[in-house]
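The values are calculated or read from the model by the stated rules, or taken from the named source; none is laboratory data. Bear in mind that the values here come from a model prediction, so they are computed numbers and not experimental data. Cβ placement follows ideal geometry from the backbone for every residue including glycine, while neighbour counts extend to all protein chains displayed.
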Amino acid sequence: MKIAIASDHRGYAAKERITALLKSAGHEVRDYGCNTQESCDYPDLALPAADSIARGDNERAVLICGTGLGMSIAANKIHGVRAALCHDELTAELSRKHNDANALCLAADLLGEQLMRMIVETWLATNFEGGRHARRIEKLARLENNNSEA
């Protein structure tokens with residue numbers, strides 16, 4: 001799978017560990033930065049990674065900042081991106097099964113290394129269920145197209 005990855009300075013160390021995890025699992029990883037622990041602005045990193053999903057260059061993205069909130073807010077500004085901030089394996093699983101999330105957002109300051117690894121592995125291994133959930137995703141797509149009636 002082609003996976004975009006990006007972080008701000010607070011998520012840099014976690015990004016490096018998750019990149020290694022993804023590559024060891026055989027995924028093609030495209031790094032959208034940042035590349036140091038020097039202070040930077042999360043929208044500058046989240047947007048190119050999220051946009052790569054919208055363009056079809058990558059299938060999914062993993063986005064990391066201190067709380068995961070900034071990356072989630074920024075990524076969800078891109079048409080076609082469904083970014084989910086996940087705190088455990090259950091939220092990771094449900095974000096895929098029910099919401100077809102194509103961007104995983106993680107909180108580097110709040111999650112330990114082992115938990116982050118389990119979240120990423122669960123998120124990647126879980127498929128979208130479709131069915132009644134597909135109807136809801138279609139409603140989200142209509143909202144993105146400025147149709148106020150979902």
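Take the conditions of a type in the set (Ser, Thr, Tyr), more than 16 Å from Lys2 (Cα to Cα), at pLDDT 95 or above and touching a Ser or Thr at 6+ places or on another chain (Cβ under 9 Å) and apply them to Ser95. Does it pass? For Ser95, the condition - of a type in the set (Ser, Thr, Tyr), more than 16 Å from Lys2 (Cα to Cα), at pLDDT 95 or above and touching a Ser or Thr at 6+ places or on another chain (Cβ under 9 Å) - is met.
Among the residues making up region 120-150, those that are at pLDDT 90 or above, loosely packed, with under 13 Cβ neighbours inside 10 Å and either under 30 Å from Glu16 (Cα atoms) or polar (S, T, N, Q) (or both) are Ala125, Asn127. Only residues that are closer than 16 Å to Lys2 by Cβ and of a type outside the set (A, V, I, L, M, F, W, C) were counted in region 35-75, giving 9. Take the residues of region 38-66 that are part of a strand (DSSP E or B) and either over 20 Å from Ala107 (Cβ atoms) or hydrophobic (A, V, I, L, M, F, W, C) (or both): which is farthest from the chain's Cα centre (by Cα)? Ranking the qualifying residues of region 38-66, first place goes to Cys65.
Only one of the numbered conditions (1) outside any helix (DSSP H, G or I); (2) in contact with a strand residue (DSSP E or B) (Cβ under 9 Å, 6 or more places away or on another chain); (3) within 23 Å of Glu28 (Cα to Cα) is violated by Arg96, and that is (1). A single member of Arg117, Arg30 is in a strand (DSSP E or B) and surrounded by fewer than 22 Cβ atoms within 10 Å (Cβ to Cβ), and it is Arg30. Of the numbered criteria (1) touching a Phe, Trp or Tyr at 6+ places or on another chain (Cβ under 7 Å); (2) at negative phi, the one Ala107 fails is (1). Checking each residue in region 1-11 for being of a type outside the set (A, V, I, L, M, F, W, C) and free of Cβ contacts under 8 Å to residues at least 60 places away in the same chain picks out Lys2, His9.
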